[in-house]
Amino acid sequence: MEYQSLSPNIGVKSVNETVIFYTHVLGFKKVMSVSDENKVIWAMVTYRNISLMFQDYNNLVEEYPELNGKPLQSAISFYIKMDNKNALYNKICKTEYLVKEMNTTSYGIEEFAIRDNNGFILTIAENTKKKINYDNFFFPVDDYEKSKKFYAETLGLKIKFEFKEKGMIAFSVGDEEPAIILKDKQKFSNAKPSLWIEVENVNAMYKELKNKDVTFLTEPFKIKTGWAVEFIDPSNNIIGLTDYTS
């Protein structure tokens, strides 16, 4: 048994007004809706991997009679993590939707709270830790075609992309975003095994690490997906930083 997702289905007085609030104020996108006699009785809004469903209260009670008599708002609030929460706060701080000013909790997280058009409380917080994720692993290879066959056929890895004219091929590893990328030494004569890490901003991280006397092999340079730079650790292993800002 494996759960795939969880999407709350919320009873509201007006599905249409609720969709307007979540799309116009919070920036969600309406992806589905159901109407009955020229009235929207159900709708789904999404933002990236977040999904919320809203159903006309009377229609919901008709579907689930055991909910009859239950108050529209009960003792429930929604806790939402987002990036750049200050942009939303500045947009909403002078409206009637704000119910709790920006504050720092006892556990060190900045957050504020708003009330949607139905009276539901949404607490907005932001993970302020720097984003650092694995990006890709680079391996130099002596025989490009032989190595390609090994990773594709012997190991059974799926080709993610290939730039054969540049001597580079990437293999997906399971469902993870990081890939193993082979670099043909005939075209990358100085290539060495390296690990690349995704950060939020390469240029900002470069300046921060430069001040900590980290030895960089290059200055930040532009790539198709953003910026990148490489440095060495105390054992001369190559570490790359990249971002996706383009």
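List every residue whose amide H lies under 5 Å from the amide H of TRP42, counting only residues 5 or more places away in sequence or on a different chain, with H placed 1.01 Å from N in the peptide plane.
VAL34, ASP56
Averaged across orientations, what area in nm² does the convex hull of the alpha carbons in the stretch 82-185 project?
On the way: hull surface 43.6 nm².
So the Cα hull casts an average projection of 10.9 nm².
Under 5 Å between amide H atoms, partner at least 5 residues away or on a different chain: which partners does GLU200 have, H built in plane at 1.01 Å?
Amide H neighbours of GLU200: LYS131.
If you wrap a convex hull around the Cα atoms of the chain, how much volume per residue is inside, in Å³?
Working: hull volume 55.2 nm³, N = 246.
Convex hull volume per residue, Cα atoms: 224 Å³.
Mind putting a number on the dipole of the chain about its Cα centre? Charges go on the C-beta only, +1 for Lys and Arg and -1 for Asp and Glu, and I need it in Debye to the nearest 20. Each step should come with its number before you reach the end.
Details: 31 positive and 34 negative charges, 144 e Å.
Computed charge dipole of the chain: roughly 700 debye.
Please compute the contact order of the stretch 148-246 in relative form: average sequence separation of alpha-carbon pairs under 8 Å and at least six residues apart, divided by the residue count, as a percent.
It comes to 20 percent, rounded to a whole number.
Given a cut-off of under 8 Å on Cα pairs at least six residues apart, what relative contact order in percent is computed for the chain?
Working: 433 pairs, mean separation 28.9, N = 246.
It comes to 12 percent, rounded to a whole number.
Of ASN86, ALA43, PRO71, whose Cα points farthest to the positive end of the dipole of the stretch 38-87 (charges on the beta-carbon: +1 Lys, Arg; -1 Asp, Glu; origin at the Cα centre)?
ASN86
Given the peptides 236-242, 61-67, arrange them by the average over their residues of other C-beta atoms within 10 Å, most packed first.
Listed from highest to lowest mean packing, they are 236-242, 61-67.
Check each of the chymotrypsin sites (Phe, Trp or Tyr not before Pro) in the stretch 1-61 and keep only those in coil by DSSP with at most 16 other C-beta atoms within 10 angstrom; list them in order. Before the final figure, lay out the partial values.
Details: sites: TYR3, PHE21, TYR22, PHE28, TRP42, TYR47, PHE54, TYR57; in loops: TYR3, PHE28.
Listed in order of number, the matching sites are TYR3.
Starting at the first residue of the stretch 238-243, write each ³J(HN,Hα) from the Karplus equation 6.51 cos²θ - 1.76 cosθ + 1.60 with θ = phi - 60°, in whole Hz, x for Gly and Pro.
Once θ is set to phi - 60°, the couplings for the stretch 238-243 become 8, 10, x, 10, 9, 10 Hz.
Accessible surface of SER77 in the full protein assembly, 1.4 angstrom probe, to the nearest 10 Å²?
70
In 10 Å bins starting at 0, how do the alpha-carbon pair distances of the stretch 26-83 split up by percent?
18, 41, 35, 6
Under the 0.36 nm per residue contour assumption, what length would be gained going from the current alpha-carbon distance of SER235 and SER35 to full extension? The partial results should precede the final answer.
Values: separation 200, 0.36 × 200 = 72.00 nm, distance 6.42 nm.
That works out to 65.6 nm of additional length.
Spelling out what I want: for every residue of the stretch 201-209, take phi, set θ = phi - 60°, compute 6.51 cos²θ - 1.76 cosθ + 1.60 (Karplus), and round to whole Hz; glycine and proline get x.
8, 4, 5, 5, 5, 4, 5, 5, 6
Can you give me the Rg/Rh ratio for the stretch 128-222, using Cα atoms for both radii and the Kirkwood formula for Rh? Don't jump to the answer; show the numbers that get you there.
Values: Rg = 15.4 Å, Rh = 15.0 Å.
Over the Cα atoms of the stretch 128-222, Rg/Rh equals 1.03.
Placing unit charges on C-beta atoms (Lys and Arg positive, Asp and Glu negative, everything else neutral), compute the dipole magnitude of the stretch 133-196 about its Cα centre in debye, rounded to 20.
Details: 11 positive and 11 negative charges, 52 e Å.
For the stretch 133-196, the charge dipole is close to 260 debye.
Roughly speaking, what is the stretch gain from GLU162 to LYS207, that is 0.36 nm per residue apart minus the C-alpha to C-alpha distance, in nm to one decimal?
Here the answer is 13.0 nm.
With r as the distance between the Cβ atoms of LYS222 and LEU98 and R0 = 51 Å, compute the FRET efficiency 1/(1 + (r/R0)^6) and round to 0.05.
Values: r = 41 Å, r/R0 = 0.80.
Once the sixth-power term is evaluated, E becomes 0.80.
I'd like the accessible area for VAL15: 1.4 Å probe, protein heavy atoms, all chains in place, Å² to the nearest 10.
Here the residue's solvent-accessible area equals roughly 0 Å².
Going through the cross-link list LYS13/LYS81; LYS29/LYS183; LYS29/LYS94; LYS192/LYS212, which pairs have a Cα-Cα distance over 32 Å in this structure?
Details: LYS13/LYS81 26 Å; LYS29/LYS183 41 Å; LYS29/LYS94 24 Å; LYS192/LYS212 24 Å.
Checking Cα-Cα distances, LYS29/LYS183 exceed 32 Å.
The values are calculated or read from the model by the stated rules, or taken from the named source; none is laboratory data. Nothing here was measured: the structure is a model prediction, and the numbers come from that model. We place every Cβ from the backbone using ideal geometry, glycine too, and count neighbours over all the protein chains shown. To get the accessible areas, we keep the full protein, side chains included, count just its heavy atoms, and leave off ligands, DNA and RNA. Shrake-Rupley method; radii C 1.70, N 1.55, O 1.52, S 1.80 Å.
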